1. Working from the pairwise distances between different alpha carbons, so that the mean of 1/r is found and then inverted, what is the chain's Kirkwood radius in Å?
2. What number does the stretch 100-213 give for Rg over Rh if you use C-alpha atoms and the Kirkwood radius?
3. Give me the mean projected area, in nm² to one decimal, of the convex hull enclosing the Cα positions of the stretch 13-90.
4. Give, in nm to one decimal, the length gained when the segment between residue 106 and residue 221 is fully stretched (0.36 nm per residue of separation minus the Cα-Cα distance).
5. With a 10 Å cut-off between alpha carbons and a GNM built on the chain, which of 31, 119, 23 moves the most?
6. If each Cα of the stretch 42-136 is one equal point scatterer, what is log10 of I(q)/I(0) from the Debye formula at q = 0.18, 0.20 Å⁻¹?
7. Within the stretch 139-169, which residues have the backbone N less than 17 Å from the label spot 7 Å out from residue 214 along Cα→beta-carbon, could you tell me?
8. For the stretch 80-137, what is the largest minus smallest coordinate of the Cα atoms on each principal axis, given in angstrom and ordered from greatest to least?
Ligand code: DX5
């Protein structure tokens, strides 16, 4: 159930399980689905592309058995093209690769789509929008990282909001408004409305959903309330 409908667009919620309690991962994923999450994001990290190691194929396969919503694999790994087929086989419905990690982005995006999944390209904070100029028409999603990839619980980089707005203008000007604008990193109740007003349509949230202060359902309800005023 989308978080909101704003400017004629559905705003989708994609909780990131990176901050979840891994001792109860199936329940934690199920709680997000039960609270109306649209997608579930799995952050795959290899210790090379990013300075952290997280989860891989067996966890994706286990989550596939636990939930029915869209499984979104954010690959923060070097040469992701080596593994996209395995992630689709494990149950990924959507795969995002970093433009900084793959040498032949068009080939990698095409490959993901030939495998029957939807495809996204991610930009780390220092990577300019200009690198997307040629690949945009082939994408289902652009992921704007609002933190340096690798860890949950980091602070949102404020200049990201303007980057989102510029991307939104480019997409609308090129008739590509259907492409998801996903934002990931440091999204909280107090910055969500500005991020969505700038043009984001797919919101990744980790520690603001998976934390000790509240249940997953309470956290997601709070995010919905935060957007209600913007509808
Ligand atoms: C960081 C990951 C994010 C992270 C988000 O590299 O890509 O998905 O888990 O967590 P928060 O919302 O806590 O920044």
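What follows draws every value from the coordinates through simple rules; no lab data is involved. Only a predicted model underlies this, so the values are computations on that prediction, with no experimental measurement involved. Neighbour counts are summed over all protein chains in view; Cβ atoms, including those assigned to glycine, are modelled from backbone coordinates with ideal geometry.
1. 17.4
2. 0.97
3. 4.9
4. Gain on stretching residue 106 to residue 221: 37.6 nm.
5. 23
6. -0.78, -0.95
7. Residues 153 fall inside that zone.
8. Cα extents, longest axis first: 32, 20, 17 Å.
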